[in-house]
Amino acid sequence: LLAFGIAFYLFMLYNFWTFGDRALPAASSEHGVQYDNLLLITMAVIMFVQVITQGLLHYFAFKYKGKKGNKALFFADNDKLEFVWTIIPVIVLAGLIIYGLFTWTDIMDINEEDDPIVIELYAKQFSWQARYAGKDNVLGKANVRFIEGANSMGVDESDPYAMDDVITAEIHLPVNRPVLFKMRSQDVLHSAYFPHFRAQMNVVPGMITQFSFTPTITTDEINETEYMRDKVARINEIRKTGNESRIAAGEETLGEYEQFEYYL
């Protein structure tokens, strides 16, 4: 058990050292800083508690292992200890929950006076489509009953607000301007996830959900970061190695991965 405890910590440190660079890079959205701070604090608390509790667990299991004449010290009842190990988690968890609620409120507080770009995300098995609200920045009405032929998003073509809507499969966002995503699903529950913008929202059939964020880092800027240069180089090294076996098997090879692009 003692050997397992030591191996556990060594393996944990090995993973941090080896895979620490595989976490997401710095957030590319305005609210992402708050999100990352909340995550960092939560992980720090969890790691602190984990190190202490696992250490004590293995230490006492080793100290009081089965041995003639070896008897563990125990308390049948200790109100002070029970109070301590109850009130400390209560305070810590209450702090995390309150901090989390404030962060959630800030992130989800969509101020339409900031003139956000309105974009609809439409999910279906198994693809995504997007619809820009056009120059009027108002999305036309839509309903699954209108889906027919080229009208794959069910846009109400009789609605004047729909006349300048633009349907696309690729999204382009400007930096430093809020974007408001309104989301619909054609069939089942989907999840719209922008990992680099720290944005995620379920897309639910029969209702419109929404999420807003302000991009702060362009594609060119994130590609200039050390993190992304290393990532691109690592991907190309993997492709190069894989291509050797593909050539030997007479299969088509993969081209060079040139640069990172944000993705949904």
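The values are calculated or read from the model by the stated rules, or taken from the named source; none is laboratory data. Values in this document were obtained by computation on a predicted structure and should not be read as measured data. Cβ: placed from backbone, ideal geometry, glycine included. Neighbour counts: every protein chain shown. With ligands, DNA and RNA removed, areas are computed over all heavy atoms of the protein, side chains included. Shrake-Rupley method; radii C 1.70, N 1.55, O 1.52, S 1.80 Å.
Counting residues in the stretch 151-162 that are on the phi > 0 side of the Ramachandran plot and free of Cβ contacts under 8 Å to residues at least 40 places away in the same chain gives one or more. All conditions in (1) in contact with a strand residue (DSSP E or B) (Cβ under 6 Å, 6 or more places away or on another chain); (2) in a loop (DSSP other than H, G, I, E, B); (3) among the β-branched types (Val, Ile, Thr) hold for THR253, with the sole exception of (1).
With the structure loaded, tell me whether ASP164 is in a loop (DSSP other than H, G, I, E, B) and in contact with a Gly (Cβ under 6 Å, 6 or more places away or on another chain) or whether it fails that test.
It is true that ASP164 is in a loop (DSSP other than H, G, I, E, B) and in contact with a Gly (Cβ under 6 Å, 6 or more places away or on another chain).
Of the residues that make up the stretch 122-141, is at least one buried (at least 18 other Cβ atoms within 10 Å of the Cβ), assigned to a loop (DSSP other than H, G, I, E, B) and hydrophobic (A, V, I, L, M, F, W, C)? Yes, some residue in the stretch 122-141 is buried (at least 18 other Cβ atoms within 10 Å of the Cβ), assigned to a loop (DSSP other than H, G, I, E, B) and hydrophobic (A, V, I, L, M, F, W, C). Restricting attention to the stretch 31-83, the residues that are at pLDDT below 90 and among the acidic types (Asp, Glu) add up to 1. Every condition in (1) of a type in the set (Ser, Thr, Tyr); (2) open to solvent by less than 30 Å² (accessible area, probe 1.4 Å); (3) touching a helix residue (DSSP H, G or I) at 6+ places or on another chain (Cβ under 6 Å) holds for SER212 except the one numbered (3).
Here the condition is being touching a residue at least 40 places away in the same chain (Cβ under 8 Å) and open to solvent by 70 Å² or more (accessible area, probe 1.4 Å); of GLU224, GLU261, GLU256, it holds for GLU261 alone.
Every test in (1) farther than 18 Å from LEU24 by Cβ; (2) open to solvent by less than 50 Å² (accessible area, probe 1.4 Å); (3) modelled with pLDDT under 95 is passed by ILE235 save one, and that test is (1). On the stretch given as the stretch 148-161, residues that are outside any strand (DSSP E or B) and over 15 Å from PRO205 (Cα atoms) total 9.
Are there any pairs with C-beta distances below 6 angstrom linking a residue in the stretch 69-81 that is closer than 15 Å to TYR59 by Cα to a residue that is modelled with pLDDT of 80 or more, with the two at least 6 apart or on different chains, and if so which? Within 6 Å, the pairs are ALA72/TYR64. Scanning the stretch 150-180 for residues that are of a type in the set (Val, Ile, Thr), under 21 Å from the mean Cα position of the chain (by Cα) and open to solvent by 30 Å² or more (accessible area, probe 1.4 Å) gives ILE171, VAL175.
Elements of the type helices (runs of 4 or more DSSP H) sitting completely within the stretch 1-120 and holding at least 3 residues that are under 30 Å from PHE211 (Cβ atoms) and open to solvent by 50 Å² or more (accessible area, probe 1.4 Å): these cover 32-63, 79-108.
Which count do you get for residues in the stretch 167-182 that are outside any loop (DSSP other than H, G, I, E, B) and under 22 Å from THR216 (Cβ atoms)?
Initially, the stretch 167-182 is screened for residues outside any loop (DSSP other than H, G, I, E, B), giving 167-168, 179-182.
Next, only the ones that are under 22 Å from THR216 (Cβ atoms) stay: 179-182.
Selection size over the stretch 167-182: 4.
Scanning the stretch 200-209 for residues that are under 15 Å from TYR263 (Cα atoms) and surrounded by fewer than 15 Cβ atoms within 10 Å (Cβ to Cβ) turns up just one, GLN200.
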